[in-house]
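Only one structure is covered here, and it is reproduced in the block below.
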Amino acid sequence: MNDERRFLQRGAAQLGLSLSDAHLDARMNYLALLIKWNRAYNLTAVRDPGQMVARHLLDSLSVAPLLTGQRILDVGTGPGLPGIPLAILYPERQFELLDSNGKKTRFLIEAKLQLGLSNVKVHCCRVESLRDEQGFDAITSRAFASLADMVSGCEHLLTPAGRLFAMKGQYPEQELSQLPKHFIVEACHNLSVPGVDEARHLLVIAPNHSGELTACDQ
């Protein structure tokens, strides 16, 4: 796994992130766990370790400089993406990972224990059924649902100043046209992920308190 470790370190540097040896160790341990569990539970269609580094670890880390908030919910997290790579990077923030698939949440619980992630909590349910009195500053998703479905499923969990961070591939022009009018796209970022030669975008969506029209600069 030395090649994958070097690739991860170089890729993180290209993203403007400096990973400590402890951070690298934790991510490589997570990768080893994912590879092991994937053989039995089919947690991801990506099988090649190098591609896992690019498409899972670096893809998740690509949003790190743009993510705001202290309490963060990762919906449709699957095997913990982007939640676990971000939780390792930001131990001072609280991450809650949600997925309705029992196999995936069992893996998440094992990963939390093995990696010693005290800032991670796992939920096995649909996002519509989750209740949280405090609310989340940020809700992330990675190719989880349409923007309209993300808003309708998650808006009851946002704080008044909270933001939705939707990771997408191609620019989702049709999805934007279906976004409810009481939400607005604050920003749309083109992401460049080392080792991934495909389009990546991050949309930052907020409650539209002012009544302004939705706008997004590509």
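The values are calculated or read from the model by the stated rules, or taken from the named source; none is laboratory data. Predicted model, so just to flag it, every value in this text is computed and none were measured. Reconstructed Cβ throughout: ideal geometry from the backbone, glycine too, with neighbour counts over all protein chains shown.
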Exercise for the section: Would you be able to say whether some residue in the range 37-59 is β-branched (Val, Ile, Thr), modelled with pLDDT of 95 or more and more than 18 Å from residue 103 (Cβ to Cβ)? Expected result: yes
Exercise for the section: Only residues that are more than 20 Å from residue 75 (Cβ to Cβ) and of a type in the set (Asp, Glu): list them for the range 156-197, please. Expected result: 173, 197
Problem - residue 50 out of contact with any strand residue (DSSP E or B) (no Cβ under 7 Å at 6 or more places or on another chain) and part of a loop (DSSP other than H, G, I, E, B) - result: no
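Yes/no matrix, rows are residues, columns are (1) of a type in the set (Lys, Arg); (2) assigned to a loop (DSSP other than H, G, I, E, B); (3) touching a residue at least 40 places away in the same chain (Cβ under 8 Å):
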residue	(1), (2), (3)
131	yes, yes, no
137	no, no, yes
150	no, no, yes
162	no, no, yes
179	no, yes, no
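This table checks each residue for (1) more than 14 Å from the chain's Cα centre (by Cα); (2) farther than 29 Å from residue 11 by Cα; (3) surrounded by fewer than 18 Cβ atoms within 10 Å (Cβ to Cβ).
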site	(1), (2), (3)
124	yes, yes, yes
128	yes, yes, yes
138	no, no, no
142	no, no, no
146	yes, no, yes
159	yes, yes, yes
163	no, no, no
186	yes, no, yes
Handout entry: Close pairs (7 angstrom Cβ cut-off, 6 or more residues apart or separate chains): farther than 19 Å from residue 115 by Cβ in the range 27-52, in a helix (DSSP H, G or I) and of a type in the set (Phe, Trp, Tyr) anywhere
Key = 50/7
Practice task
Output yes when any residue across the range 173-183 is surrounded by 15 or more Cβ atoms within 10 Å (Cβ to Cβ), under 14 Å from the mean Cα position of the chain (by Cα) and of a type in the set (Phe, Trp, Tyr), and no when none is.
Solution key: no
Handout entry: Selection within the range 83-106 - in a helix (DSSP H, G or I), surrounded by 24 or more Cβ atoms within 10 Å (Cβ to Cβ) and not aliphatic (A, V, I, L, M)
Key = 83, 85
Handout entry: Extreme residue, nearest to residue 101 (Cα to Cα), among residues of the range 63-74 that are in contact with a His (Cβ under 9 Å, 6 or more places away or on another chain) and surrounded by 21 or more Cβ atoms within 10 Å (Cβ to Cβ)
Key = 73
